[in-house]
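The structure appears below as structure tokens.
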Amino acid sequence: MKFVTRSVQSENRLAQTNVFKLLDDQLILILRAWGSTDYNQKFIDEVSHYLSSTQADLEVTTPFDYQENLSSLANRTRVSLLLVHDLFYKSENKNEYAVGFEATILFKSKNELAWSSVGRFAIDKVGKHSLNTYLKNGSDLDIETLLPVQLIGVEREIDITSGSIAISENSKIIVSSTYNCNLLLNTEAKSDNNLIDIYPPSGGSYWFSVIGV
């Protein structure tokens, strides 16, 4: 998978968003740390270790059950976030707040793309004439706040949004976070660099990544 990323910050700023390609480009991890980014590598290692282990052995055990309404691939992304949430909740944040994360995982296998997400993220698939939305978390919050919906590793319980879709070699996925603006598909775009327009063109904060899968 490959990606092109754009962002603009107004006076209301998002925390820094990082994109990591892992497991021979089969896995993309989008990570936004609210606190020090020094903890990013620990997050990456926990997620990539579990998902790479499931590649070799589908019977890898965890304390978390699979959900029947999700595919095996989507369940694996969900469990990876539960594991990293448990790790940070019981270690770095055990006695006092050190760091919390918003995160989206995209995991590809053959013609399926699975995801799990926590925080202010949207996932859209590029259609012929418009963006087809599969996830949109946090965009309906009070317009006076830029805080995430929730953070990984902070509270005891966490809600993870997971799913999967069929993809082809030409599929493109948009993962985004917006504040006081919206993403629009530029149907005349000649490259991924100008595939997305912002409306209104000024005044909002946004981050997005165009991912070719």
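Do the conditions hold for I123, that is, is it over 20 Å from S168 (Cα atoms), buried (at least 23 other Cβ atoms within 10 Å of the Cβ), of a type in the set (V, I, T) and modelled with pLDDT of 95 or more? Criteria not met by I123. Residue count for region 126-155 satisfying the condition of being of a type in the set (S, T, Y), at pLDDT 90 or above and over 21 Å from A74 (Cβ atoms): 1.
Residue count for region 44-61 under the criterion of being small (G, A, S) and in contact (Cβ under 8 Å) with a residue 40 or more places away in the chain: the result is 0. Within region 179-193, the presence of a residue that is part of a strand (DSSP E or B), surrounded by 15 or more Cβ atoms within 10 Å (Cβ to Cβ) and either among the β-branched types (V, I, T) or under 13 Å from the mean Cα position of the chain (by Cα) (or both) is excluded.
Scanning region 194-207 for residues that are assigned to a strand (DSSP E or B), of a type in the set (S, T, Y) and surrounded by fewer than 14 Cβ atoms within 10 Å (Cβ to Cβ) yields a count of 1.
Among the residues of region 23-43, just one is without any contact (Cβ under 8 Å) to a residue 60 or more places away in the chain and surrounded by 17 or more Cβ atoms within 10 Å (Cβ to Cβ), namely N40. Filtering region 155-172 to residues that are in contact with a Lys or Arg (Cβ under 8 Å, 6 or more places away or on another chain) and in a loop (DSSP other than H, G, I, E, B) leaves I160, I167, S171. Take the conditions (1) in contact with a Lys or Arg (Cβ under 9 Å, 6 or more places away or on another chain); (2) modelled with pLDDT of 95 or more; T54 misses just one of them, which is (2). Annotation: S72 fulfils all but one of (1) in contact (Cβ under 8 Å) with a residue 60 or more places away in the chain; (2) surrounded by fewer than 16 Cβ atoms within 10 Å (Cβ to Cβ); (3) of a type in the set (S, T, N, Q); (4) touching a Leu at 6+ places or on another chain (Cβ under 9 Å); the unmet one is (1).
Quickly run through region 110-120 and pick out the residues that are outside any strand (DSSP E or B) and closer than 19 Å to E169 by Cβ.
The first filter runs over region 110-120 and keeps only residues outside any strand (DSSP E or B), leaving 110-111, 119-120.
Of everything in region 110-120, those that are outside any strand (DSSP E or B) and closer than 19 Å to E169 by Cβ turn out to be K110, N111.
The values are calculated or read from the model by the stated rules, or taken from the named source; none is laboratory data. Computed from a predicted model, the values in this text were never measured in an experiment. Note: ideal-geometry Cβ built from the backbone for every residue, glycine included; neighbour counts use all protein chains shown.
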